[in-house]
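Student: This is the structure I have questions about; it appears just below.
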Amino acid sequence: KLNIFWHRRDLRIEDNAGLYKALRGDLPVQPLFIFDENILSQLEDKRDARITFIHNEITRLSKEYESHGSSLMVRYGNPVDILKELLSEFSIENVYTNRDYEPYAKERDSEVYELLNASNVHFIGAKDHVIFDKDEVVKGDGSPYLVFSPYASKWRQKLNDFYTSSYPTEKYLGNLHRSTPTQIPSLSDLGFEKSELEFPSREFPKKIIRTYDETRDYPGKDGTSRLSVHLRFGTISIRKLLQTALSSNQTFVNELIWRDFYQMILFHYPECPTKAIKPQYDNIEWESSEEHFERWCKGQTGYPLVDAGMRELNSTGYMHNRVRMVVASFLTKHLLLDWRLGERYFAEKLLDYDLASNVGGWQWASGSGCDAAPYFRIFNPTSQLEKFDPDLKYVKRWVPEYGTSSYAKPMVDHKQARERALERYKSGLNN
Ligand code: FAD
C-alpha cells in the first residue's frame, strides 16, 4: 500500500506543505508529476521556455528524490487518465497534493476527486502556494476585499508565526517509497524543443530585497528580485521568502501581499479572466485595430518606454513591473484596445505568467478591477520615462535606434489619445 504525493505548481521538496502532510502519514509516499497534455497542447510555440524551465526543474527534483533513495514518477497525459492507470497499477490509499486556485485546475481536481472517491481513495489538498487562501482574509461580513489597502492591513494583522513557519519535510524523508528511478519523458517526447533562454536564479537576492523600496521602480537597475518564475512554479517556498522579507524590507512584503490578494480575487471571482470585475466596464466600446495591436506587440509604438518593455518581453519572457503598468495602460487607454488582448499576449510570452496576477494586473491597468484610483488617471508614457529611466539605460538597451531617424514616430498623440480615452470610458460607464 502507498500514498501518492502529486506535485503541480510546487516543484520542490523543501518546505512543501502537502508533501509534509503526506510524509507524516502511515504509508510510504510515492511522489508523482504529470506533464498535463491538456495544458501542453494549447501552447503554440514549440520552443516555449516555460516547458524547458519545468523540464529542467523536474530533472533536478527527480535527482533530489534519488539522493533520498526514492524516485519521482513522471508521466505525460491527461491527469485523470493517468491517475486511473495508477489506481490499477498500485494499491493507493491517499493522494496528497497542494491546492491550485485556477479555474482549469479546480475543474480538473474535482474530476480527480470523483475518480478517487469512487475507489475509496482520499484526495487531500494543502495550502502551499500562498500565505492566506480562500476565505482566510475577508471583510467582517465574509465578503471579499476589492481594494488592496484594507486587505493588506487585515492580512498583516492576521499574520503570525504559524503562517510563516516552514514545514520540516527533511525530517520525514525516510517515509518516501523506496522505488527505482523511472524515465522522464524528453522534451521531444512532449512535442517541444529546448529554449535557449537564461532563467533567473533560485537564490534569494538578499541585498536587492534589503534596498527594494529604493530600487524597485527603475527598470534600468537590477532592483527587483526576479523570483516571479520560481514563485509561479513553486521552485521556492513563499513562506521562506516571506521570512526573509519580514526581516528586511516591508515594501517587498507588500508585493507578496499583492500576490495573495490576486489569488484571493481569482478564487472569489472565477470569471475575472474574461469578465470585468466592475461589470460596467464591459460596456466600454473598444477599438478593433489589428495594426495597432501588432505595433504594440512588436514594440513599435514610437513611445520608447512602451517599446523597450515589449521588446524586453519578446526576447526574454520578462518585463519589469513599472513597465508592465505603462504598456498595459498604453494598450487600454492610448490605443483603447481591450485589456483581454493584452492579457492573452502576456500569457503567451511571460515566463512568470500566472493567471491571477496577470488578470489582476491587466484589470488594474484598464480600471475595471481592483484599483482605488479612478479610471481617469492615465499614465503618461513620456513622463514615466523621464522619472523612472532618466539616464535612458533601459531604453537604450532595448531600443538602440532611439534618438535616430529610423525610430518610429509616436503612433498616437498623447494628449489626443488621453482625451479620447476619457470620453470613451465616460460614455461606456454611463451606459
Ligand atoms: P519583485 O518586484 O521582486 O516582487 C517580488 C514578488 O512579488 C514577485 O516575484 C511576485 O511574485 C510578487 N509581485 C510583485 N508585484 C506584484 C503584483 N503587482 N501583483 C502580484 N504579485 C506581485 N506577476 C506574475 O507573477 N505573473 C504575471 O503574469 C504578472 N502579470 C502582470 C501583468 C501586469 C499588467 C502587471 C502590471 C503586473 C503583472 N505581474 C505579474 C506583477 C509583477 O509585474 C511581477 O510579479 C514582477 O514584475 C515580477 O518581477 P520580480 O520577481 O522581480 O518582482
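Student: Suppose we keep only residues that are among the charged types (D, E, K, R) and surrounded by fewer than 18 Cβ atoms within 10 Å (Cβ to Cβ) within region 240-261. Which one would you say is farthest from the ligand (Cβ to nearest atom)?
Tutor: K240
Student: Where in region 272-371 are there helices (runs of 4 or more DSSP H), lying fully within it, with 1 or more residues that are small (G, A, S) and away from the ligand (no atom under 12 Å from the Cβ)?
Tutor: Those helices (runs of 4 or more DSSP H) span 304-316.
Student: Still on this structure, I have one more. Can you tell me which of (1) outside the structural domain of T224 (by TED's automatic domain parsing); (2) in contact with a helix residue (DSSP H, G or I) (Cβ under 7 Å, 6 or more places away or on another chain); (3) within 30 Å of P205 (Cβ to Cβ) is the one F293 doesn't meet?
Tutor: Condition (3) is where F293 drops out.
Student: Taking I184, is it within 10 Å of the ligand (Cβ to nearest atom), part of a loop (DSSP other than H, G, I, E, B) and of a type in the set (V, I, T)?
Tutor: Criteria not met by I184.
Student: Would you be able to say whether some residue in region 301-311 is without any contact (Cβ under 8 Å) to a residue 12 or more places away in the chain and not hydroxyl-bearing (S, T, Y)?
Tutor: No, region 301-311 contains no residue that is without any contact (Cβ under 8 Å) to a residue 12 or more places away in the chain and not hydroxyl-bearing (S, T, Y).
Student: A further question on this structure: Could you check, for region 269-290, whether at least one of its residues is in the same structural domain as V323 (by TED's automatic domain parsing), more than 19 Å from R340 (Cα to Cα), modelled with pLDDT of 95 or more and not acidic (D, E)?
Tutor: no
Student: Going by what's in this entry, would Y145 be described as modelled with pLDDT of 95 or more, more than 24 Å from R50 (Cα to Cα), in contact with a Lys or Arg (Cβ under 7 Å, 6 or more places away or on another chain) and assigned to a loop (DSSP other than H, G, I, E, B)?
Tutor: Yes; evaluated as a whole, the condition is true for this residue.
Student: Are there any pairs with C-beta distances below 8 angstrom linking a residue in region 387-400 that is on the phi > 0 side of the Ramachandran plot to a residue that is aromatic (F, W, Y), with the two at least 6 apart or on different chains, and if so which?
Tutor: Partner pairs satisfying both residue conditions: L392/Y402.
Student: Do we have any residue at all in region 66-77 that's of a type in the set (K, R) and over 29 Å from S165 (Cβ atoms)?
Tutor: Initial filter on region 66-77 (of a type in the set (K, R)): 75.
Within this subset, residues satisfying the condition of being over 29 Å from S165 (Cβ atoms) are 75.
Checking region 66-77: at least one residue is of a type in the set (K, R) and over 29 Å from S165 (Cβ atoms).
Student: Follow-up. Restricting to region 207-229, name every residue that is assigned to a helix (DSSP H, G or I), touching a residue at least 24 places away in the same chain (Cβ under 8 Å) and near the ligand (Cβ under 8 Å from one of its atoms).
Tutor: I209, Y212, S228, V229
Student: Which of (1) more than 22 Å from R202 (Cβ to Cβ); (2) under 22 Å from the mean Cα position of the chain (by Cα) does N283 not meet, given it meets every other one?
Tutor: (2)
Student: Do we find a residue being under 25 Å from the mean Cα position of the chain (by Cα), farther than 19 Å from M264 by Cβ, assigned by TED's automatic domain parsing to the domain that holds E294 and within 10 Å of the ligand (Cβ to nearest atom) anywhere in region 378-392?
Tutor: Checking region 378-392: not a single residue is under 25 Å from the mean Cα position of the chain (by Cα), farther than 19 Å from M264 by Cβ, assigned by TED's automatic domain parsing to the domain that holds E294 and within 10 Å of the ligand (Cβ to nearest atom).
Student: Here is a list of conditions, (1) among the aliphatic types (A, V, I, L, M); (2) surrounded by fewer than 20 Cβ atoms within 10 Å (Cβ to Cβ); (3) within 19 Å of K194 (Cβ to Cβ); (4) over 19 Å from the mean Cα position of the chain (by Cα), and L87 meets all of them except one; can you say which number that is?
Tutor: Tallying (1) among the aliphatic types (A, V, I, L, M); (2) surrounded by fewer than 20 Cβ atoms within 10 Å (Cβ to Cβ); (3) within 19 Å of K194 (Cβ to Cβ); (4) over 19 Å from the mean Cα position of the chain (by Cα), L87 fails exactly one: (3).
The values are calculated or read from the model by the stated rules, or taken from the named source; none is laboratory data. Only a predicted model underlies this, so the values are computations on that prediction, with no experimental measurement involved. Every residue, glycine as well, gets a Cβ built from its backbone with ideal geometry; the counts of neighbours run over all protein chains shown.
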